[in-house]
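Student: Here it is, the structure in full.
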Amino acid sequence: MAGKFFFIDTTRCTACRGCQIACKQYKKHSVSKTKQYGTYQNPIDLDANTFRLVRFSEHPSKVNSMVWYFFSEACRHCLKPGCQKKVEQIKKDAIIINDFGAVLYTDKMQGLEKSSKAIKQACPWSIPNWSKKEKQMVKCNMCYDRVEAGLLPACAKACPTGAINFGDEAEMKKLANECLAAAKKKFGGKGEILDSEDVRVLYLIIDEQAKYRPVA
């Protein structure tokens with residue numbers, strides 16, 4: 001099976017959070033305790049029950065008083081995963097990459113709680129989280145069982161605006177380049193595809209402020 005990629009066009013995201021809920025429903029994850037902390041984003045971050053999260057960021061605008069940026073965050077399924085490199089130093093074959101590129105955490109990850117912080121820090125975006133229930137680090141697995149059955153990942157299936165796309169590498173990169181050209185034409189030359197040589201999740205953003213940066 002050919003390598004699979006996501007292409008996420010943040011200019012199309014309306015923060016409906018359909019992807020976030022579809023992921024929870026398909027994985028049969030429970031809710032996460034939330035609180036009001038000055039934004040519509042909830043929960044505050046990815047966790048053991050939340051593998052995909054729509055991030056909300058608010059910024060000043062020259063045209064309006066402010067502008068929202070929405071960013072559907074999940075594992076990037078790196079071509080050379082930092083988490084895999086870190087875990088290999090502790091336990092062999094605990095993290096594998098399957099035949100279409102999904103970075104998967106196996107049952108061999110169990111029992112590595114003392115190393116969980118180091119594993120999380122090995123990810124450039126601080127994606128993995130420790131699950132007390134499963135006793136291992138967890139994250140998005142690209143809905144590999146759905147993909148193997150010829151179906152879309154739950155998040156891509158649920159997205160109503162075409163913001164989240166999924167398919168073969170050539171198809172997704174072609175779509176990304178087409179959307180980038182259209183975005184630059186629409187937004188005065190602004191636009192870039194993030195980390196296109198390193199990951200299987202390609203994000204189109206039109207403003208540097210829209211780029212999610214994990215809290216140190």
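Just so you know, all these numbers are worked out from the coordinates, no wet-lab data involved. Note that the structure is a prediction, hence the values are computed from the model and not measured. Ideal geometry is used to build each Cβ from the backbone, glycine not excepted, and the neighbour counts take in all protein chains shown.
Student: How far is helix 169-186 tilted, in degrees, relative to the longest principal axis of the Cα atoms in the chain, given as a value from 0 to 90 rounded to the nearest 10?
Tutor: 30 degrees
Student: If you don't mind, there's one more thing I want to ask. Put +1 on the Cβ of each Lys and Arg and -1 on the Cβ of each Asp and Glu in the chain; which of Thr39, Trp125, Leu194 then has its Cα farthest toward the positive end of the dipole?
Tutor: Highest projection toward the positive end goes to Thr39.
Student: Hey, another quick one. Would you mind working out the magnitude of the charge dipole of segment 82-141 relative to its Cα centre, with +1 at each Lys and Arg C-beta and -1 at each Asp and Glu C-beta, to the nearest 20 Debye?
Tutor: 300 debye
Student: How far is helix 18-27 tilted, in degrees, relative to the longest principal axis of the Cα atoms in the chain, given as a value from 0 to 90 rounded to the nearest 10?
Tutor: Helix 18-27 sits at roughly 20 degrees to that axis.
Student: Between Asn177 and Ala149, what FRET efficiency follows from the Cβ-Cβ distance if R0 is 22 Å, with the result rounded to 0.05?
Tutor: Efficiency for this residue pair is about 0.15.
Student: Compute the FRET efficiency between Thr161 and Leu79 as 1/(1 + (r/R0)^6), taking r as their Cβ-Cβ distance and R0 = 35 Å, and round to the nearest 0.05.
Tutor: 0.80
Student: While we're here: May I ask you to evaluate 6.51 cos²θ - 1.76 cosθ + 1.60, the Karplus curve with θ = phi - 60°, for each residue of segment 190-196 and list the ³J(HN,Hα) values in order in whole Hz, giving x for glycine and proline?
Tutor: 7, x, 7, 9, 7, 6, 5
Student: How high is the relative contact order of the chain, given as a whole-number percent (alpha carbon pairs under 8 Å, six or more residues apart)?
Tutor: 30 percent
Student: Also: Hey, can you grab everything whose amide H is under 5 Å from the amide H of Cys78? Only 5+ residues off in sequence or another chain; H modelled, so Pro and N-termini drop out.
Tutor: When sequence neighbours closer than 5 places are left aside, the close amide H contacts are Arg200.
Student: Between segment 1-58 and segment 76-104, what's the alpha-carbon centroid distance in Å?
Tutor: 22 Å
Student: Looking at the chain, identify the longest residue range that excludes and avoids all GluC sites (Glu not before Pro) in DSSP loops having at most 15 other Cβ atoms within 10 Å.
Tutor: So the longest stretch without any such site is 1-133.
Student: For the chain, which cysteines have no second Cys with its Cβ under 4.7 Å from theirs?
Tutor: Within the chain, the cysteines lacking a partner Cβ under 4.7 Å are Cys13, Cys16, Cys23, Cys78, Cys83, Cys123, Cys143, Cys159, Cys179.
Student: Something else now. Take the Cα of Ile44, step 7 Å along the line toward its Cβ, and report every residue of segment 19-36 whose backbone nitrogen sits under 13 Å from that point.
Tutor: Flagged as within label range: 33-36.
Student: Mind listing the phi-derived Karplus ³J(HN,Hα) values for segment 39-47, rounded to whole Hz, using 6.51, -1.76 and 1.60 with θ = phi - 60°, and x for any glycine or proline?
Tutor: Couplings: 8, 7, 5, 7, x, 5, 7, 4, 8 Hz.
Student: Sum -39500 (n - 2.57) across every DSSP H segment of at least 4 residues in the chain, then divide by the residue count to get the 222 nm mean residue ellipticity, nearest 500.
Tutor: Taken over the chain, the calculation gives -6500 deg cm²/dmol.
Student: Provide the per-residue ³J(HN,Hα) series for segment 100-105, in order, calculated from phi with Karplus coefficients 6.51, -1.76, 1.60 and θ = phi - 60°, each as a whole number of Hz, with x at glycine and proline positions.
Tutor: Per-residue couplings from phi come out as 10, x, 5, 8, 10, 8 Hz.
Student: While we're looking at this one, here's another question. Near the amide H of Arg55, under 5 Å away, which other amide H atoms are found, from residues 5 or more places off or on another chain, if H is placed in the peptide plane?
Tutor: Answer set, sorted by chain and number: Phe71, Ser72, Glu73.
Student: Right, another one. Just check segment 82-141 against the gyration tensor rule for me: Cα atoms, a ≥ b ≥ c as the square roots of the eigenvalues, rounded for a/c under 1.5, and otherwise prolate or oblate depending on whether a/b exceeds b/c.
Tutor: Judged from the Cα gyration tensor, segment 82-141 comes out rounded (a/c under 1.5).
Student: Given a cut-off of under 8 Å on Cα pairs at least six residues apart, what relative contact order in percent is computed for segment 82-141?
Tutor: Relative contact order comes out at 31 percent.
Student: Further question: Over segment 111-214, what is the relative contact order in whole percent, taking alpha-carbon pairs under 8 Å and six or more residues apart?
Tutor: That works out to 15 percent.
Student: Between Asn129 and residues 5 or more places away or on another chain, which pairs have amide H atoms under 5 Å apart, with H built 1.01 Å from N, and which residues are they?
Tutor: Those qualifying (amide H under 5 Å, at least 5 residues apart or on another chain) are Val138.
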